[in-house]
1. Being of a type in the set (A, V, I, L, M, F, W, C) and under 20 Å from B:Ser120 (Cβ atoms) is the filter; apply it to segment B:326-341 and report the residue that is farthest from the chain's Cα centre (by Cα).
2. Any idea which residue in segment B:193-217 is nearest to the other protein chains (Cβ to nearest Cβ), counting only those that are touching a strand residue (DSSP E or B) at 6+ places or on another chain (Cβ under 8 Å) and in contact (Cβ under 8 Å) with a residue 40 or more places away in the chain?
3. With segment B:291-364 as the region, which helices (runs of 4 or more DSSP H) entirely inside it contain at least 1 residues that are among the hydroxyl-bearing types (Ser, Thr, Tyr), at pLDDT 95 or above and more than 29 Å from B:Glu251 (Cβ to Cβ)?
4. Could you tell me how many of the residues in segment B:82-97 are in a loop (DSSP other than H, G, I, E, B) and at negative phi?
5. Over 22 Å from the mean Cα position of the chain (by Cα), over 22 Å from B:Phe56 (Cα atoms) and small (Gly, Ala, Ser) - does that describe any residue in segment B:220-238?
6. Within segment B:96-126, take every residue that is among the polar types (S, T, N, Q) and in contact with a Leu (Cβ under 8 Å, 6 or more places away or on another chain) and give me the one that is nearest to the other protein chains (Cβ to nearest Cβ).
7. Just the residues that are of a type outside the set (A, V, I, L, M), in contact with a helix residue (DSSP H, G or I) (Cβ under 7 Å, 6 or more places away or on another chain) and surrounded by fewer than 20 Cβ atoms within 10 Å (Cβ to Cβ), please, taken from segment A:24-46.
8. Six or more apart or on different chains, Cβ under 9 Å: which pairs go from a residue in segment B:114-133 that's more than 15 Å from B:Ser101 (Cα to Cα) to one that's part of a helix (DSSP H, G or I) and of a type in the set (Asp, Glu)? Could you list them?
Amino acid sequence: MLSGAAVLVVLGLMIGSTTLDSLPVFFSQGISFLTGTNWDPGASRTEITGTYQAWVFIYGTLVTSLIAIVIALPVAVGIALFLTEVAGHRLARPLIYMVELLAAVPSVIYGLWGLHFFAPVILKPPANAVSDALGFIPIFAGPVISFNFFFAGVVLAIMIIPIITALVREVFTAVPDTDRQAGFALGATRWEVMRSIVVPRSRPGIIGATMLGLGRALGETIAVALLIGGGTAINFSIFQQGETIAAKIVNTFQESTPEGIDALIALGVTLFAMTIVINVAARLIVRRLGDVSGEAVA
Amino acid sequence: MKVNRTWVRTALPLAVVGAVVLGACSGGSPSGSGSAASAGTGSGLSADLLGAGATFPDPVYQEWIGGFVGTEPGVNITYEPIGSGGGVEQFIAQSTDFGGSDAFMKDDEITAAEQARGCSVLHIPTVFGAVAVAYNLSGVEGLTLNSDTLVKIFLGGITKWNDPAIAALNPGASLPDEDVIVAHRSDGSGTTSIFTTYLDHESADWSSQVGKGKEVSWPVGVGGQGNDGVSAAIAQNDGGIGYVELSYAIENGLSVASMVNADGNAIEPTLESTAAAADGITIPDDLRFNILDVGGDGYPIAGATWILAYTCGYDAAKADALKAFLTWSLENGDSIAESLLYAPIGDSLQARSLANVARINEGG
């Protein structure tokens, strides 16, 4: 009870003070804060003199998170299915440990590893191949820059796979064995049982897990900052540089002017609002699906 | 390789801080006292000094602190590399004894500081840094560029390495028909400030389209975090070009371009040419200056870093310790600075820096 209240107080203070600090920025920029693409900090100590338009960073945050989810979700569901439905205990146990170990790696390690090895050595050749073959589609247009949305998104995917896998695995385990046995009794193969019984029954849980992973991806800071490429304009190709909200904050707060810090706090408030919107949307989706399939998970 | 070196650079100051703390704990070892002949040190000073600010000179400040505390065991100095912006803010808020900044304080910052403290702010230049233009172009050594071509490259006007403007500066070099891929810093940085201040001064196009500062809205190019990120971006793209701290370029053996200075001489970035950069420039009385219009043997993209202090408001022990530390560092610190790849500020400016050190706490 008391700790619950403490959480509320801390959250309230956080929202209150950050919103208060960033109000001058929101007022001076108006709607262009969300829609414009020019971020040009001023140097004043007392008022807002620069131009602060965050669309480049909002766009980058959404794109990298989307890439991460598109990659991480099928992989995580696959791993979870393998662990719960295919692998025996003896194989599953060490695999679970290994996946969970991925979650324990600090994100700066992912960033440095991505910067010096994973992106240039492993990811760049296939990215070049895709861009050469499908470059006529704007989102795959080349040249492949050494830091880009795609590299940041893939590393983000690796970082959120453990979370999604762990949650989805729990949900799969919760599917009653009698359901599976009913499937087998009707002559279904193992694959058919997974596809028609285990996954559909777990759909709300999978969506909930995805949203938690998405939350982590939206806010991930240092690994993205190292790999996203600090773009200052909107690039539609996933092989070109961009910038996310969290990366922009961590990259520039240290050398910011007082008004620049207010603007970065405004970015933080924006990210917070985005996370809330996505979480609420997820709740609504889960509730709807829960109603349809006759249960409410998550 | 690069990562390791970077880690060493980061770890070194930590190790030094550790050593300082240990030294302070074991304190009272008499070995240092009396051994320093200069600046009247070894006189049993006792004070705790706290400074914070620029990250660029942090390695050399930590070494200076280590060297000075070795002669004055009673003094405990901490320098926290929190960034120039934070350093100036903390200095204005008077939560530190001295500040560190890669950019001299602006007029409104000085007004705020002087109103709060009730006396003047002193700028004390300590070392010079230079910004090297590094590139990755197989088969091309010793590239030469001037400010015009550099501006065009970073504005996106020159997109191929065999552009006539580059070819004209490099007769005999076999420049490939390759895309120029520009790399810049994605984090706010004094290095960016020195680089863009130079471009801004040299080109009206640059100042109207981009301007100068620790972060600017780059028209083209990919951003890397820190010198390490920029150098990775250069190394990983054939045809890459970007700017890094000179010390980082030297440590990592990057290919760097010679820059044509105001006298038309193509100058390679080195410690000597950086030190020579300030020779011909006029430095105002308050020691707030940019290094621009460099001629002679000077390398044109350079800047100073400053220690900030007040002319009043210290208690006597602190003032004596701070003056002794800065005097010792300016007089004895050149070889330490050079070994860490910082350029010393030269005799004439050093004398003026020392004059400002002497003014610390003159108002009591």
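1. This residue is B:Leu326.
2. Checked segment B:193-217; the qualifying residue nearest to the other protein chains (Cβ to nearest Cβ) is B:Ser193.
3. It comes to B:316-332.
4. 5
5. Yes, the conditions are met somewhere in segment B:220-238.
6. Within segment B:96-126, the match that is nearest to the other protein chains (Cβ to nearest Cβ) is B:Ser101.
7. A:Pro24, A:Phe26, A:Thr35, A:Gly36, A:Thr37, A:Gly42, A:Ser44, A:Arg45, listed by residue number.
8. Sorted first by the residue in segment B:114-133, then by its partner, the pairs are B:Ser120/B:Glu114.
The values are calculated or read from the model by the stated rules, or taken from the named source; none is laboratory data. Predicted model, so just to flag it, every value in this text is computed and none were measured. Ideal geometry is used to build each Cβ from the backbone, glycine not excepted, and the neighbour counts take in all protein chains shown.
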